[in-house]
Amino acid sequence: MTTVADLLIHRLADQGVRTVWGVVGDALNPITDAIRRSGRIDWVGVRHEEAGAFAASAQAQLSGTLGVCMGTVGPGSIHLLNGLYDAKKSHAPVLAICGQVPTSEMGTEMFQEVDNDVLFADVSVFTRTVTNAQHFPFLLEQAVNSALTARGVSVLTIPGDIGDLELPEDVEERSFARPQPRTVPAPDLVDEAVGLLDGAQRVTMLVGRGALDGREEVLALARKLRAPMVLTLKAKEQLEHDNPFDVGQSGLIGNPGAQLALETCDLLLMLGTDFPYRDWYPTGVTVVQVDDTGSHLGRRTPVDCALVGDAAATAKVLSGAVKAKGKKAGKHLSRARTVYEEWLEGQQRLARPDYDSKRFGILRKKVDNPDDQIRPEQVAAAVDAHAAADAVYTSDTGMSTVWLSRLVRLRAEQRLIGSYNLGSMANAMPQALGAQTLYPGRQVISFSGDGGLTMLLGDLMTAVTYELPIKVVVFNNGRLGMVKLEMEQAGLVEFGTRLDNPDLAAVARSMGWHAERVENPADVDAAVASVLDHDGPALLDAVTNPQEIAVPGKPSVDQAWGFAIAKIKETLVSDG
């Protein structure tokens with residue numbers, strides 16, 4: 001006898017799924033019991049379904065294979081939504097199994113009933129409700145295939161009376177989709193792109209996650225073009241280390257070197273990126289874009305030559321066809337690299353424990369750190385120095401990501417994910433849980449904001465319950481830091497951003513964690529080393545300067561003026 005629930009778990013295990021995330025109950029009971037009996041898949045019971053969806057999304061992003069989460073009837077499924085939207089925006093293949101009231105009660109407004117097919121319509125590439133056992137194998141096949149091939153979210157809703165139903169004896173075996181070969185653009189389009197590249201004098205490359213599998217191909221192309229390479233945040237993990245063309249990130253987390261490379265080029269080559277911030281693209285330049293998703297082409301900036309194809313495979317073709325650039329291109333690269341390296345040196349100075357007592361810091365601290373608090377740059381740099389060579393990083397949206405972007409230099413085997421398209425709060429710690437179950441032998445480090453961590457604080461218990469030795473570094477500045485910065489750049493007094501935090505290290509210890517709280521710059525390095533060296537879950541509560549100024553790569557006059565006005569207003573308010 002095979003039931004719907006048994007077949008579901010059997011087929012997912014055959015597909016390589018090893019972990020399912022969720023909260024038990026109601027319509028999911030037959031499915032969680034099938035997990036218990038199978039012994040092939042581990043169930044991780046989280047304290048909030050949103051954390052489970054983030055964890056499943058993290059596994060899918062890191063592995064490229066299917067992540068699975070579950071939510072039971074009504075609220076349990078609704079709680080999945082934010083994590084599933086993160087999966088959607090990150091192009092992660094995730095299957096969500098959602099509970100529903102019994103089929104006889106559907107449409108009666110029964111207790112907890114919601115219309116899942118309507119609820120999940122926007123977040124999913126496939127959503128269906130199973131109403132009989134006969135159709136379940138077909139719907140499961142469609143759901144998994146859609147998630148894998150469209151790199152998105154599929155939702156299967158299973159009413160409470162369906163999971164235990166026996167499948168017909170003549171049910172057909174169905175297979176799931178397999179990875180497809182990489183494609184390259186049509187030869188005539190490649191020739192057109194080569195002509196534009198050969199005709200340009202100063203090429204800048206904007207490279208994203210779509211090119212991660214083609215490090216050598218991308219570097220070879222940059223070498224022939226002598227092109228500075230602006231990396232999106234998601235491209236740091238494979239393309240930052242040992243890269244003589246790297247000039248860092250653009251946008252609000254960026255630096256002057258990257259902005260110079262963009263503003264002084266006459267051709268922008270976009271490889272595997274859908275970088276969403278239109279204001280940071282150069283204007284009046286030729287643009288060549290390569291992406292394997294046609295709908296991405298031209299939606300951020302006008303494109304002169306659009307190539308649909310795999311970024312790595314296309315970079316290899318282009319590298320073999322373009323002419324090597326000369327001195328003018330070399331000067332373009334050299335200028336951008338020089339500015340970038342000078343900026344990096346400045347960031348490293350900020351990270352020194354004695355910065356505020358030295359020539360560079362004495363004046364600055366009067367503006368943004370009069371109380372000699374820990375600068376967040378110091379914490380990030382210390383983590384970078386002590387992290388394992390194959391560490392996996394996650395980061396919360398906001399200032400935690402700024403400090404990671406600027407102070408952590410990813411090595412060859414290190415990984416990085418975050419909510420870099422959705423921009424959700426509270427993603428880093430749950431994503432670290434997912435990463436740790438995927439890579440049980442690796443160090444996993446969450447760069448968490450105090451606002452983000454406390455939003456899903458209960459799932460610190462998940463790490464203890466399932467013995468997941470994640471490391472959580474909390475940038476505890478008592479603020480919603482990015483919102484504070486946004487307000488001040490607009491000339492507004494910060495309002496509603498202050499957080500009344502507990503001693504987060506004490507909270508973590510009460511949950512069974514090893515935890516340290518650090519308030520003195522002189523103690524940061526030892527505290528970071530202690531937390532990262534611990535063999536179980538460990539948390540660093542770093543009390544950092546809430547007034548730290550994170551200047552974007554190209555601050556506008558309006559931003560500078562707004563910031564000055566805001567500081568004057570804040571002083572007047574604090575003085576009564």
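The values are calculated or read from the model by the stated rules, or taken from the named source; none is laboratory data. Only a predicted model underlies this, so the values are computations on that prediction, with no experimental measurement involved. Quick reminder, even Gly has a Cβ in these numbers, built from the backbone with ideal geometry, and neighbours come from all protein chains shown.
Here are the numbers for this structure:
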{"item": "Count of the range 360-380 residues which are in a helix (DSSP H, G or I), among the hydrophobic types (A, V, I, L, M, F, W, C) and in contact with an Asp or Glu (Cβ under 9 Å, 6 or more places away or on another chain)", "result": "1"}
{"item": "Subset of the range 233-252 [over 17 Å from Arg411 (Cβ atoms) and surrounded by 23 or more Cβ atoms within 10 Å (Cβ to Cβ)]", "result": "Phe245, Val247, Gln249, Ser250"}
{"item": "Which numbered condition Ser104 misses (of (1) part of a loop (DSSP other than H, G, I, E, B); (2) surrounded by fewer than 21 Cβ atoms within 10 Å (Cβ to Cβ))", "result": "(1)"}
{"item": "Set Leu453, Leu438: member being among the aliphatic types (A, V, I, L, M) and farther than 19 Å from Val383 by Cα", "result": "Leu438"}
{"item": "Which listed residue, of Ala382, Ala389, is surrounded by fewer than 14 Cβ atoms within 10 Å (Cβ to Cβ) and closer than 21 Å to Ser446 by Cα", "result": "Ala389"}
{"item": "Single unsatisfied condition, Asp541 versus (1) under 20 Å from Met455 (Cα atoms); (2) modelled with pLDDT under 95; (3) not in a helix (DSSP H, G or I)", "result": "(2)"}
{"item": "Set Gly16, Gly64, Gly22: member being buried (at least 21 other Cβ atoms within 10 Å of the Cβ), touching a residue at least 24 places away in the same chain (Cβ under 8 Å) and not assigned by TED's automatic domain parsing to the domain that holds Tyr466", "result": "Gly22"}
{"item": "Residue, modelled with the highest pLDDT, within the range 268-281, restricted to residues that are surrounded by fewer than 24 Cβ atoms within 10 Å (Cβ to Cβ) and closer than 24 Å to Gly330 by Cα", "result": "Tyr281"}
{"item": "Residue within the range 362-370 that is surrounded by fewer than 16 Cβ atoms within 10 Å (Cβ to Cβ), basic (Lys, Arg) and without any contact (Cβ under 8 Å) to a residue 12 or more places away in the chain present", "result": "yes"}
{"item": "Residue match in the range 198-208 (condition: assigned by TED's automatic domain parsing to the domain that holds Thr32, assigned to a strand (DSSP E or B), among the β-branched types (Val, Ile, Thr) and touching a residue at least 24 places away in the same chain (Cβ under 8 Å))", "result": "no"}
{"item": "Any helices (runs of 4 or more DSSP H) falling wholly within the range 383-498 and containing at least 2 residues that are modelled with pLDDT of 95 or more", "result": "399-407, 428-438, 450-455, 460-465"}
